[in-house]
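The values are calculated or read from the model by the stated rules, or taken from the named source; none is laboratory data. Given the structure is predicted, the values throughout are model-derived calculations rather than measurements. Cβ placement follows ideal geometry from the backbone for every residue including glycine, while neighbour counts extend to all protein chains displayed.
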Amino acid sequence: MSTQKFSTNALHAGYDVTQNGGTRAVPIYQSTAYVFNDSDHAANLFSLAETGNIYTRINNPTTDVLEQRLATLEGGIAAVATASGASAIATTLLTLLKAGDHIVASNSLYGGTYNLLKVTLPRHGVTTTFVDPSDPDAFTNAAQENTRAFFVESLGNPKLDVLDLENIAAQAKGFKVPFIVDNTVATPYLLNPIKHGANIVIHSLTKYINGNGTALGGIIIDAGTFDWTNGKFPEFTEPSAGYHGLVYSEALEAAAFIAKVRIEGLRDYGSAISPFNAFQIIQGLETLDIRIKKHSENAFALATWLQKQEEVTWVNYPGLATSEYSELAQKYLPKGQSGIVTFGVKGGYESAKTIADTTKLFSLLANIGDTKSLIIHPASTTHQQLTLEEQESTGVTNDLIRLSVGLENLDDLIVDLEEAFAKIPKEVIA
Ligand SMILES: *Cc1c(COP(=O)(O)O)cnc(C)c1O
């Protein structure tokens, strides 16, 4: 465990200058494969008797720095980076589960994750029950004999609900299943789910961690705290046909899960990150703390301003005292509540579209966590496929606008929104 502080670890963890010819920046090791010393060395690497590089689908020295750095920042024992946040989630669940297994998940999830659980995984025999995470017994009540994971987002996108992680962690512990937390919107600077009982933490690195909207990436971080020998996970305690009889829980102990993700998950599903993207994301990670502080400040100030505008019917930002998640935000996100703000406008669907079509500094696109401000009207774009009932549970109403507040000067962002609000017909606002 590192004793150094966040900003120091974000710059240094996982990288040894003396092993890299003195290069101060982490170099890009753009190589597909690695030369073995001899056949015995190769045999040892394949049998895990020795650790080392084999092939970039499984490991890479640039990616290794990113993995160690994020494991340190989240307080985990090890991590595996992947090509995207979506592939981090899919690789985690496909490594953990088999046909016949069941997941209990929060109903407030990123759209892509929701579809994976609702439509795609059932085709492979893995089903999910979605629950309202604000109900304190929801996970226990929905758990079945074949349940093998609880899955949530710490700060839901786009509902912005702050989850009571300690309560859900206790339910997962009681039911002896791993508690998996997507911590993308909060980032490891604002929240460390492992401190509150999470067993596995996932990020889309594409968002705040890279921060510049230039590279896709994902990561899976293992807390090393889950007991895979509790009888529910024979793939970890019996000889693995997928890795010449290896018994993960004996050979790798606390690292059983994250090792299986690497040597079976990455090997078989192939969702490796490019070393170039790993390098790019390392550049972003170096300044995560100062950026996410500023994103949070700008978002809070803009949310406060929005509350006073006559065109606006409601504002949702967990840092506002008026938010129904205010108490949980003070407990879990005391350093800031990240950069996403949602609000409703008079005139609903049409007004919301007008605003999204008019802003200039706020770019109309489907992403979050960029240094530049972004805007989207989910009901006409990312969430147009949802039923009315699903729109309600995910919090996506027709009048909802989602802002990802960037690092621009606040005054300029306000002028941009004022100009867009002015396009709404007067009779709609009166
Ligand atoms: C964007 C996002 C993802 C998916 O990540 P990609 O890198 O786009 O694949 C997963 N979870 C959350 C909360 C996200 O915002």
Does the stretch 314-328 contain at least one residue that is touching a residue at least 40 places away in the same chain (Cβ under 8 Å), of a type in the set (Gly, Ala, Ser) and not in a loop (DSSP other than H, G, I, E, B)? no
In the stretch 219-235, the residues that are free of Cβ contacts under 8 Å to residues at least 60 places away in the same chain and under 25 Å from the mean Cα position of the chain (by Cα): Thr225, Phe226, Asp227, Trp228
Any chance you could count how many residues in the stretch 337-362 are within 16 Å of the ligand (Cβ to nearest atom) and part of a strand (DSSP E or B)? 3
Residue identified as surrounded by fewer than 20 Cβ atoms within 10 Å (Cβ to Cβ) and either outside the structural domain of Leu163 (by TED's automatic domain parsing) or modelled with pLDDT of 95 or more (or both) among Thr147, Thr120: Thr120
For the stretch 397-411, which positions are surrounded by fewer than 23 Cβ atoms within 10 Å (Cβ to Cβ) and of a type in the set (Val, Ile, Thr)? Thr397
Of the residues Leu374, Leu386, Leu407, Leu333, which is within 26 Å of the chain's Cα centre (by Cα) and over 27 Å from Tyr114 (Cβ atoms)? Leu407
Condition check: without any contact (Cβ under 8 Å) to a residue 60 or more places away in the chain and either at negative phi or in the same structural domain as Val405 (by TED's automatic domain parsing) (or both). Does Val185 satisfy that? no
Being touching a strand residue (DSSP E or B) at 6+ places or on another chain (Cβ under 9 Å), more than 21 Å from Gly76 (Cβ to Cβ) and modelled with pLDDT of 95 or more narrows Leu216, Leu266 down to just Leu216
Turns out the helices (runs of 4 or more DSSP H) fully within the stretch 242-297 with at least 2 residues that are touching a residue at least 24 places away in the same chain (Cβ under 8 Å) are 256-260, 275-285
When the residues of the stretch 372-385 are filtered to those that are in contact (Cβ under 8 Å) with a residue 12 or more places away in the chain and surrounded by fewer than 20 Cβ atoms within 10 Å (Cβ to Cβ), which remaining residue is farthest from the ligand (Cβ to nearest atom)? Ser380
With the checklist (1) buried (at least 24 other Cβ atoms within 10 Å of the Cβ); (2) modelled with pLDDT of 95 or more; (3) of a type outside the set (Phe, Trp, Tyr); (4) within 16 Å of the ligand (Cβ to nearest atom) in hand, flag the one item Asn157 doesn't pass. (2)
Take Thr127 and tell me if it is away from the ligand (no atom under 16 Å from the Cβ) and without any contact (Cβ under 8 Å) to a residue 60 or more places away in the chain. yes
